[in-house]
Amino acid sequence: MPKARVYELAKELGVDSKTVLNKLKEMGEFVKSASSTVEAPVVRRLKTAFPSADQQESSQGTTEKPAKSGHTSTGSTDAASPSKGSAKKSSVKPGPARSVSQKKQEVSAVVEPETVQVNDNARKPSPQSPARTSAHVPTGQHKSENKAKPGAGRPAAPARAHNDQTQRRQNPTPKPATPGAQPGSHSPVKPGARKSVATPRPGNNPFSRKQGMHAPMPSDIPRPHPMAKPGAGEGRKSGSNGNGGGRGHFRNGRPGQGSGAGSSRPNQWGHNRSGAPAGGSARPGQGGGNRFGAGPGAGAGTGASFQNSGPSGRGRGRGGAAGAFGRQGGKSSKARKNRMAKRQEFEEMKAPVIGGVRIPSGNGQTIKLRQGATLSDLAEKINVNPAALVTVLFHLGEMATATQSLDEATFEILGQEIGWNIKIVSAEEEDRELLQQFDIDLDSEQADQDESNLVSRPPVVTVMGHVDHGKTRLLDTIRQTNTSAHEAGGITQRIGAYQVTVELEGEPRKITFLDTPGHEAFTAMRARGAELTDVAILVVAADDGVMPQTVEAINHAKAANVPIVVAVNKIDVDGANPDKVRGQLTEFGLVSEEYGGDTMFVDISAKMGTNVDKLLEAVLLTADADLDLRANPKMDSRGATVEARLDKGRGAIATVLVQQGTLHVGDAIVAGSAYGRVRAMLDENGTAMKEAGPSTPVQVLGLTSVPTAGDLFLVAPDDRTARQIAEKREATARAAQLAKRRKIVSLESLKEQFAKSEVDMLNIVIKGESSGSVEALEDALMKIEVSDEVGIQVIHRGVGAITQNDVNLATVDKAVIIGFNVRPNRQVQELADKEGVEIKYYSVIYQATEDIEAALKGMLKPEYEETTTSHSEIREIFRSSKFGNIAGVMVQDGTVKRGTKARISRNGVVTINDLEISTLRRFKDDVTEVSEGYEAGINLGDFNDIQLGDIIETFEMREVERK
């Protein structure tokens, strides 16, 4: 419903706009002009403040004798008022009277009668104003015809008092009707019908039979209204678009339809329960029955559709729906607040103010966030505005956007400030929650194992130890192969997974071996191997003893709670001392059985094959004694990725270790952020396999990308589920990586970062043959520390050959490409040469680290130091009008060169610095340098303050190598 304007209210109240504006200002309401709109609560207050037109006219004392009961006058006080400027007279012809029995017959022909009982004693005659034309009609009359001249005003019946008005309008002033209005009809009203007292309404429920919207019927006779035809006197409850028209309902009336008191129920067509009189004079535009108010044309009166009874023929252009919006005249909707809003305001008042914003305190409550979460994620958890958290973080001295990934330390500081205990969930817990979204619970699957389905599985054994202590040689001896001969530099640079069959007490037993690198750069690989294994073989050379990587391997095995079997290797070489090894390992908690401990030591020679069978027997005995090696081969396969690489012809190849269930060809598999369907499976010898049981290492083909070594794999119900899991894992890993790389910019260090130049970064693109090698190379490079002025930034890493995209990326970022056991094709090499991109090839990891360290040192800014080149004594001073004073000197040591820097010292005190030898002559010849023991003439430019005996010292700045 549109808001009322000031000039409309002035017309309705019968005053001018200036008076209304002054009244509004007295009420404390600011209104700019007469065309400004006024809110509904202010309109009600304004109408209350102004005496209505009904009261003004009723004060004139004009009264009329009450008519007989059962009859009413159709003459309205609007038309009967003798005020100036009234409309012309209109004649009304009374219609034929009908009996009660005829009325009942009409009702039964249309709809079922609806009886409303009314107390007859309540109907008392009320004074009426004298009308110019009036006619008495029976109470039950349904139709009446009213003939009026076009453009003339119509008499209107007095309407019942509106229940939402504190001042009742009784005798409204007649208003001229719109020219050209069509004649309509008016409903008869009962003379002496008393206006009802305003009573509270229960609401506007269309499904309730007792609405309380209208006054009761004036008689005991039901008054159904059949659907009106054009020209009928009593229309539908909606007003018409012509002369008639009730005040607003959902249906538009027909043209020429008369006005009547509408039904209180929206779906009831013709039942007039309220009995409100219709007719009367109307303002221009009052007639019609559009949705909420009057339609086009000059209407007659106001039908009571949703209102109890309203002012007859008055009001603004559109009607109201008071029942739908509560009782008028009460508190405004803004003043009514529910309990929740008040509580929220109270909590906000108690919230502490940090940085100018109020943040509700968590009172130490714990909240969990994923890795790489943003301020928006935290704001959603604690129900605050993200901008407020940005302000608080800025107040703490750090700057971040609402969508920027933050690290755990930043969230911890922010949580302490706002009273929340923020915990970042681990990657394992986050992945567990992710799988639970797809109804995959690995913990419950492990706990709900049926004992009848568990079968024995081979032990997984990891060979660990220091580099060059003979780990790969031991596996070659066991497998009867020569793997170490094919490794670059003679060292292992990848995890190898093998399965061999040995005999124990005449029974064949399978053992799965994992060969881990021993080089210091492969720490992550050794830790990964310890997590996947059941038993660890610690290989220690008898001549070298315990080395740094030996200690690291012990710590990895203990962290994974893995039993250790010690193999003392190289007992056949000179200087071997197995007892020394036993004594050294005692310091790390590995006590031999000979010394009263529980760790098995076996002296072997991997090269000669000595005691290798005893070592395998010790491994099996340890596994049988300490471990329960059983698995369920009937469940969906679960396991871990040992190694992954990219083959040119077969695509991504992942070496996986099946830990539970059986992996079949055709299964939908997801490993980390890689997914796909198993197209083929191969063992370590390249033999095709159709299925792989528990503790079986196998190479899997069919993944869409190369997974990261160490990623857990599982078999998904279908390809769609596998793809969704992989995509969510990738998004989570990306957010965590962004949070890890984010540099915390504090206000204290901001000026320093602006003042000093940016650190020179060496951008590197790493491509390798396997994911484990790439990971190890990246870790080794990131550990290089040369100076605070330079650093390394790995902008891209990948598995496979060097491609054109790698060259393009290196061109844009001015990076160096490192190929680890990979090469580009001819087209890519030509593109790199054309763009000037440098590609380095390596097959041994420590060679790459040495070259990168040398490159970083070369990027350091040069350092200069001052070097004295000569000392010369002034023995004569020559004055020249052209050149000024010229010093005749004797070179005491070194060589004086023209253009070098010089300083003058007098009596051992330096008088001036930063001079330059502009002219150097020997006699009359210009020379570039003068050696020791010769005389020369030196001019120092514009400086002439020289004396005999002064020493001219020359020096130069020479670059010094950075260490």
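The values are calculated or read from the model by the stated rules, or taken from the named source; none is laboratory data. Model, not experiment: these values are computed from the prediction. Neighbour counts are summed over all protein chains in view; Cβ atoms, including those assigned to glycine, are modelled from backbone coordinates with ideal geometry.
Scanning the stretch 400-413 for residues that are among the aliphatic types (A, V, I, L, M) and over 18 Å from the mean Cα position of the chain (by Cα) returns Ala409, Ile413. Of the residues making up the stretch 876-909, those that are in contact with a Gly (Cβ under 6 Å, 6 or more places away or on another chain) and surrounded by 13 or more Cβ atoms within 10 Å (Cβ to Cβ) are Ile886, Gly888.
If you check Leu393, Leu414, Leu406, Leu369 for being crowded, with 16+ Cβ neighbours inside 10 Å and either at pLDDT below 85 or more than 24 Å from Glu429 (Cα to Cα) (or both), only one passes: Leu393. Among the residues of the stretch 791-803, is there at least one that is without any contact (Cβ under 8 Å) to a residue 60 or more places away in the chain, assigned to a loop (DSSP other than H, G, I, E, B), surrounded by 20 or more Cβ atoms within 10 Å (Cβ to Cβ) and touching a Lys or Arg at 6+ places or on another chain (Cβ under 9 Å)? Within the stretch 791-803, one or more residues are without any contact (Cβ under 8 Å) to a residue 60 or more places away in the chain, assigned to a loop (DSSP other than H, G, I, E, B), surrounded by 20 or more Cβ atoms within 10 Å (Cβ to Cβ) and touching a Lys or Arg at 6+ places or on another chain (Cβ under 9 Å).
Hey, any hits in the stretch 934-951 for a residue that's touching a strand residue (DSSP E or B) at 6+ places or on another chain (Cβ under 7 Å), under 17 Å from Thr867 (Cα atoms) and of a type in the set (D, E, K, R)? Within the stretch 934-951 (the criterion being touching a strand residue (DSSP E or B) at 6+ places or on another chain (Cβ under 7 Å), under 17 Å from Thr867 (Cα atoms) and of a type in the set (D, E, K, R)), the answer is no, since none of the residues qualifies.
Look at (1) surrounded by fewer than 17 Cβ atoms within 10 Å (Cβ to Cβ); (2) of a type outside the set (Val, Ile, Thr); (3) in a strand (DSSP E or B); (4) in contact (Cβ under 8 Å) with a residue 24 or more places away in the chain and you find that Gly819 fails only one, number (1). Remark: pairs (first residue in the stretch 685-696, among the β-branched types (Val, Ile, Thr); second residue crowded, with 17+ Cβ neighbours inside 10 Å; Cβ separation under 6 Å; 6+ apart in sequence or on different chains) = Thr696/Val658.
Annotation note: of Thr477, Thr481, Thr472, the sole residue that is at pLDDT below 75 and surrounded by 15 or more Cβ atoms within 10 Å (Cβ to Cβ) is Thr481. Summed over the stretch 628-659, the residues that are touching a strand residue (DSSP E or B) at 6+ places or on another chain (Cβ under 8 Å) and either outside any strand (DSSP E or B) or aliphatic (A, V, I, L, M) (or both) give a count of 18. Do we find that Ala559 is in contact (Cβ under 8 Å) with a residue 12 or more places away in the chain and surrounded by 15 or more Cβ atoms within 10 Å (Cβ to Cβ) in this structure? It is false that Ala559 is in contact (Cβ under 8 Å) with a residue 12 or more places away in the chain and surrounded by 15 or more Cβ atoms within 10 Å (Cβ to Cβ).
The set of residues from the stretch 823-846 being crowded, with 20+ Cβ neighbours inside 10 Å and assigned to a loop (DSSP other than H, G, I, E, B) comprises Pro824, Val837. For the stretch 587-610, filtered to residues that are over 19 Å from Val562 (Cβ atoms) and hydroxyl-bearing (Ser, Thr, Tyr), the residue that is modelled with the highest pLDDT is Ser605. Condition test on Asp613, is it in a loop (DSSP other than H, G, I, E, B), surrounded by fewer than 22 Cβ atoms within 10 Å (Cβ to Cβ) and at pLDDT below 90? So Asp613 does not fit the description; no. Residue count for the stretch 401-429, restricted to those that are assigned to a helix (DSSP H, G or I) and more than 22 Å from Gly362 (Cβ to Cβ): 2. For the residues Leu856, Leu809, the requirement of being part of a helix (DSSP H, G or I) and closer than 27 Å to Val960 by Cβ singles out Leu856.
Scanning the stretch 848-894 for residues that are free of Cβ contacts under 8 Å to residues at least 12 places away in the same chain and under 60 Å from the mean Cα position of the chain (by Cα) yields a total of 4.
Residue check: is Ala644 in the same structural domain as Lys570 (by the TED database), in contact (Cβ under 8 Å) with a residue 40 or more places away in the chain, within 52 Å of the chain's Cα centre (by Cα) and crowded, with 21+ Cβ neighbours inside 10 Å? No: the conditions fail for Ala644. Of a type in the set (Ser, Thr, Tyr) and buried (at least 17 other Cβ atoms within 10 Å of the Cβ): does that describe Thr721? In short, no.
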